[in-house]
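Below is one structure, written out as structure tokens; the observations come after it.
The values are calculated or read from the model by the stated rules, or taken from the named source; none is laboratory data. The model shown is predicted, which means the values in this text are computed figures rather than measured ones. For neighbour counting, all protein chains shown are included, and Cβ atoms are generated from backbone atoms with ideal geometry for every residue, glycine included. The accessibility values were calculated without ligands, DNA or RNA, using every heavy atom of the protein model including side chains. Shrake-Rupley method; radii C 1.70, N 1.55, O 1.52, S 1.80 Å.
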Amino acid sequence: MNPCPCGLKADYDDCCGRWHAGAPAASAEALMRSRYSAYVRGLEDYLLATWHADTRPERVEIEAGLKWLGLEVRRVLEVGEHATVEFVARSKLAGRAMRLHETSRFVREHGRWFYVDGELR
């Protein structure tokens, strides 16, 4: 088994791998988890493709040497075509532990979820 980085204790190909291969994420939470996994695996193109066009940066650069340690999804609220996902992602860079606590906003357009933006906590 090739464990998925998103923390669901599933095989990567059956979990975030299918979203990375082009299938639309089934929910905002699935998209958020797949974006975390994309950061872990260095999939910058996927991160850009799943970022809403209104807020998407020109490029995404994943910091060299950054090691992602885990993801905890704390709260998911999905109402129609809009959703928020609160999460904590832990990482380490140059021996220094870091914690990203964010509430992210998502929107579904034409059957696909997109990351809009996030508020750091």
Of everything in the stretch 85-94, what is open to solvent by 50 Å² or more (accessible area, probe 1.4 Å) and over 17 Å from the mean Cα position of the chain (by Cα)? Give them in sequence order.
92, 94
Taking residue 63, is it in contact with a Leu (Cβ under 8 Å, 6 or more places away or on another chain) and touching a residue at least 12 places away in the same chain (Cβ under 8 Å)?
yes
Just to be sure, is residue 103 polar (S, T, N, Q) and open to solvent by 40 Å² or more (accessible area, probe 1.4 Å)?
no
Under 7 Å between Cβ atoms, which residue pairs at least 6 apart in sequence (or on different chains) link something in the stretch 93-121 that is without any contact (Cβ under 8 Å) to a residue 12 or more places away in the chain with a partner that is open to solvent by less than 70 Å² (accessible area, probe 1.4 Å) and in a strand (DSSP E or B)?
98/91; 99/88
May I ask you to list the residues in the stretch 20-38 that are free of Cβ contacts under 8 Å to residues at least 24 places away in the same chain and more than 21 Å from residue 91 (Cα to Cα)?
21, 22, 23, 26
List the number of the failed condition for residue 97; all other conditions in (1) open to solvent by 70 Å² or more (accessible area, probe 1.4 Å); (2) part of a strand (DSSP E or B); (3) closer than 20 Å to residue 3 by Cα hold.
(3)
